[in-house]
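Take a look at the structure set out below.
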Amino acid sequence: MEQNYQQYTPEQIQQYYAYLQYQQQQQQLQQQQLLEAQQKQAQTPTFDASYFQLFQNSQQINNNNNDPNNNPIRNNGKANFEIIIKIPPVLVAENQGLSLYQFIMTRHPPAWEDFFQGAQKDIAHACQKIEEESGANGRAFFPHIPRVLAAFWLTSPLMLKAVIIGQDPYPGTTKAGLPKANGMCFGSDVGNEIPDSLITVYEELQRSVENWKHPGHPDLRCWGREGVLLLNSALTVEVGRAGSHLGFWKPFTNRLMDYINDNCTNVVFMLWGKKAQKIADSIYASKHHKLTAYHPSPMSRNQGFDFVGCNHFNLANFYLAENGIRPINWQVK
């Protein structure tokens, strides 16, 4: 099914982001009401019961100890910012005249404000390099500007449970001529073909996660709402040229790792392949948990380095549960 794109005027976009800012400011006032409602309407979790038992036991310990790192939203509630802020998959079909730099600096999520302000020089450097290269060869880049920050809009620092690091966005198009890249690593839009690496990831999920069902599509946005940051180490890529912008975004990605390292706790870094593992070199093992495996690409498998069997999805949930954090529902909806 082809993705529908809704266009908005610049004034409508400005009003929309002002509304999101207001919602973010109201978050503290709504937290208690949200948690009370969730407790009354508690549902049986869809993940493995053993995770839930670990989570309950650890949560009781945290409550008794008045753990200052105990995050009531991340731990007690479903990691789903949509409960507070409704986030559409695509805001606009075109950039409405905003440059890449203007869009990132004025359209980033309020929850990530401190990070993006601190990374302003890195962002300016990357965007300048991209504009210079695009001007020289006349080639566009993916994903389209309105989708560059999709992963950040779905997952806030407050809700962060896991980080999956990809290389860069898909540089190609589907058979229908649509971009494969949608601003989140490994995934793509409903209606697009499932990318080869994601086929391998799905195979591991079917093998290791109890009652996991194949969704038949590559849309991973539900993982973002569960607290999984689906990060591409480069936010953009030149069309048809994989790896072309990796160097431009390296300072930005390194700064993001430092920000998560310093401002979050008990985050699981799922590092698939040597490049992803190198990016997370600076992550403190004392505060976070790193899981390493071969990259799920067919090339790795053909060389005898198989991603299937890594058991990362279960290991991530066991770590979270042991630390009093609600496990991730890995079912793709």
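The values are calculated or read from the model by the stated rules, or taken from the named source; none is laboratory data. This is a predicted model, so every value here is computed, not measured. Note that we place each Cβ from the backbone using ideal geometry, even for glycine, and neighbour counts take in every protein chain shown. Heavy atoms of the whole protein, side chains included, go into the accessibility calculation; ligands, DNA and RNA do not. Shrake-Rupley method; radii C 1.70, N 1.55, O 1.52, S 1.80 Å.
Assorted remarks:
- Accessible carbon and sulfur surface of segment 100-245 relative to its total accessible area, %, 1.4 Å: 47 percent
- Hypothetical label at K278: residues of segment 295-321 whose amide nitrogen lies under 15 Å (7 Å Cα-Cβ projection): 295
- Pairs beyond 23 Å (Cα-Cα), from K161/K333; K121/K290; K121/K250: K121/K290
- Compactness of segment 140-269 is given as radius of gyration and Dmax, 14.7, 43 Å, from Cα positions.
- If R0 is taken as 30 Å, the Cβ-Cβ distance between E322 and T292 corresponds to a FRET efficiency of 0.95.
- Separation of the T173 and A124 label points, Cα + 7 Å toward Cβ, nm: 3.5 nm
- Remark: segment 102-181 carries 39 Å² of accessible area per residue (probe radius 1.4 Å; ligands, DNA and RNA excluded).
- Charges were assigned to the Cβ only: +1 to each Lys and Arg, -1 to each Asp and Glu. The resulting dipole of segment 275-327 about its Cα centre is roughly 140 debye.
- Residue ranking by accessible heavy-atom surface, 1.4 Å probe, largest first, among W112, W212 comes out as W212, W112.
- Computed over segment 117-202, the percent of Cα pairs more than 16 Å apart is 64.
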